[in-house]
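Peer 1: Here it is, the structure, as structure tokens.
The values are calculated or read from the model by the stated rules, or taken from the named source; none is laboratory data. If you're wondering where the values come from, they're calculated on a predicted model, not measured in any experiment. Neighbour counts are summed over all protein chains in view; Cβ atoms, including those assigned to glycine, are modelled from backbone coordinates with ideal geometry. Remember, those area values only see protein heavy atoms, side chains included, never the ligands or the DNA or RNA. Shrake-Rupley method; radii C 1.70, N 1.55, O 1.52, S 1.80 Å.
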Amino acid sequence: MEQKFIRNFCIIAHIDHGKSTLADRLLEYTGTISARDMTVQFLDQMDLERERGITIKAQSIRIKYMAKDGHEYELNLIDTPGHVDFAYEVSRSLAACEGALLVVDATQGIQAQTLANVYMAVDRNLTIIPIVNKIDLPAADPERVAKELVDTLGFDEKDIIPASAKVGTGTQEILEAIVNFVPPPSGSNDKPLRALIFDSKYDAYKGVIVYVRLFDGTLSAGRKIKLMSTGLSIETLEVGVFRPKLVPLERLDAGEVGYIATGLKNVRECRVGDTVTLEDTPADEALAGYQAQKPMVYCGLYPVEGSDYPLLRDSLDKLKLNDAAIVFEPETSAALGSGFRCGFLGLLHMDIVQERLEREYNLNIIMTSPSVAYIITKVGGEQIMVDNPADFPSSEQIEEVKEPWLDA
């Protein structure tokens, strides 16, 4: 596919404003998923996502679309979460795109994550297409919400697309807007390979599978690649795209989104945000990665059975591949034995990680009460950060305790 016919975009919104339902309509309208295989919120593949009705993981899929201008376009869609605890997923998705669909509920208007995600997209210089969704609901007030978008975020009223993802209103207009307004990727096949790892997962047969966006160069199976931050060299077993299952291809070109099967069994060696290049013709400069996320909530994770400690460590390693926002380090408790001190972006993030460890890795774990990090000034002026109650100094050693506050 020529680069001028490729479009990379994601869908951003506040939680429950209709991102996943809109993704369903785009997949249906373009025939990417057959009616027989279609399920509600198709890209939410995890049982947890379906049970809770929320998107936890960003999902990528390639769509073929025949536009009104008579050309077939390759649209690489990344559906993102809306909850603030998964904002890291959104930031990674934005780095792989040139455009974003901003979905706003016609009954609720602009909300917290609407603004947060728009600012992230603006920071990345993405083209933003505003959509007022759920216009079919009795409580909908699309004119008021459109005026909010114009007054608050500076959009032009004529660019705002009224839509109903539930019944399919506005789907073609959205696809045409993607083709007409989102710029094609600007990389070159002739330059040395530079591909950004925006996600990864572990497969028992293919090892670590990294999800990449190629900014320059081409990549085919069997080539030796190098991870620029660690210097690790690997031979690629397979390259391909998401439709939505992994479909192998002969090669990936600049501007495309796809995956690389690495065969790596040591999951710590592949980092989200790293740059992939070819070993024999490496790139001079790595791509800008991601800003590391700062944990807000800390708690201890311990296996119920002490013998499961190595399994818990391996499971956390594999889960971190899939959710790079988790931070953990070993700790020991007199009552609970060996475990890990874990940092999360929020209470929902903590809850989801616990459930994923129990379901996906068959672990039985105990979690201690969540706490925040305190900065303690000890007598004598030494400052320490404490995120574990067991490390809290005795009162006669403390001069001052600071806890996190938000000035909003």
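Peer 1: If you count only protein heavy atoms with a 1.4 Å probe, what accessible area per residue comes out for the range 222-376, rounded to a whole Å²?
Peer 2: Value for the range 222-376: 46 Å² per residue.
Peer 1: With unit charges on the beta carbon (Lys/Arg positive, Asp/Glu negative), name the residue among PRO404, VAL386, ALA261 whose Cα is farthest towards the positive pole of the charge dipole of the chain.
Peer 2: Comparing the listed Cα positions along the dipole, ALA261 ranks first.
Peer 1: Continuing with this model, one more query. For the chain, which longest stretch is free of loop sites, where a loop site is one of the chymotrypsin sites (Phe, Trp or Tyr not before Pro) that DSSP puts outside H, G, I, E and B and that has at most 12 other Cβ atoms within 10 Å?
Peer 2: After excluding every exposed loop site, the longest remaining stretch is 1-204.
Peer 1: Using alpha-carbon pairs under 8 Å, 6+ residues apart, how would you state the relative contact order of the range 66-183 in percent?
Peer 2: Over the range 66-183, the number comes to 25 percent.
Peer 1: Count the net charge of all other residues whose Cβ sits under 11 Å from the Cβ of ASP141, scoring Lys and Arg as +1 and Asp and Glu as -1.
Peer 2: 0
Peer 1: I've got another one for you. For n ≥ 4 DSSP H runs only, could you compute -39500 (n - 2.57) per run for the chain, divide by its residues and tell me the 222 nm figure to the nearest 500?
Peer 2: Rounded to the nearest 500, the figure is -6500 deg cm²/dmol.
Peer 1: By how many degrees, between 0 and 90 and to the nearest 10, does the Cα long axis of helix 347-360 differ from the longest principal axis of the chain?
Peer 2: 90 degrees
Peer 1: Sequence gap at least 6, Cα distance under 8 Å: using those rules, report the relative contact order of the range 122-161 to the nearest whole percent.
Peer 2: Dividing the mean separation by the residue count of the range 122-161 yields 46 percent.
Peer 1: As I understand it, the dipole of the range 100-229 uses +1 on the Cβ of Lys and Arg and -1 on the Cβ of Asp and Glu, about the Cα centre. Which of SER186, ALA139, ALA116 lies farthest toward its positive end?
Peer 2: The listed residue farthest towards the positive side: SER186.
Peer 1: Based on the alpha-carbon gyration tensor of the chain and its eigenvalue square roots a ≥ b ≥ c, which shape applies: rounded if a/c is under 1.5, prolate if not and a/b is larger than b/c, or oblate?
Peer 2: Since a/c reaches 1.5 but b/c is at least a/b, the shape of the chain is classed as oblate.
Peer 1: Treating cross-link reach as a plain straight distance, find the lysines whose alpha-carbon is under 23 Å from the alpha-carbon of LYS402, omitting any fewer than eight places away in the same chain.
Peer 2: Straight-distance partners of LYS402: LYS294, LYS378.
Peer 1: Once you keep just the Cα pairs under 8 angstrom separated by 6 or more residues, what percentage relative contact order results for the chain?
Peer 2: 13 percent
Peer 1: Would you mind telling me which residue in GLN383, GLN291, GLN108 has the biggest mean-square fluctuation in a Gaussian network model of the chain, where springs connect alpha carbons within a distance under 10 angstrom?
Peer 2: Answer for the Gaussian network model of the chain: GLN383.
Peer 1: What does the net charge come to around TYR302 if you take all other residues with beta carbon closer than 15 Å to its beta carbon, with K and R at +1 and D and E at -1?
Peer 2: Net charge in that neighbourhood comes out at -3.
Peer 1: Can you say what percent of the DSSP beta bridges in the chain, counting only those with both residues inside, are antiparallel? Round to 5.
Peer 2: 75 percent
Peer 1: Could I ask something else about it? In degrees from 0 to 90, rounded to the nearest 10, what is the angle of the helix 309-322 Cα long axis to the longest principal axis of the chain?
Peer 2: Relative to the chain, helix 309-322 is tipped by roughly 30 degrees.
Peer 1: Between beta-carbons, use under 11 Å as the cut-off and find the net charge around VAL167, counting Lys and Arg +1, Asp and Glu -1.
Peer 2: Every neighbour counted, the sum reads +2.
Peer 1: Next up: Taking the Cα centre of the chain as origin and charging only Cβ (+1 Lys, Arg; -1 Asp, Glu), how large is the dipole, in debye to the nearest 20?
Peer 2: Computed charge dipole of the chain: roughly 900 debye.
Peer 1: Okay, next question. How many angstrom lie between the C-alpha centres of the range 242-257 and the range 212-233?
Peer 2: Rounded to whole Å, the Cα centres lie 14 Å apart.
Peer 1: Additional query: Percent of accessible area on the chain owned by carbon and sulfur, 1.4 Å probe?
Peer 2: 49 percent
Peer 1: While we're looking at this one, here's another question. Sum up the lysine pairs in the range 68-184 that clear both bars: alpha-carbon distance under 20 Å and a spacing of 8 or more or different chains.
Peer 2: Lysine pairs meeting both conditions in the range 68-184 amount to 5.
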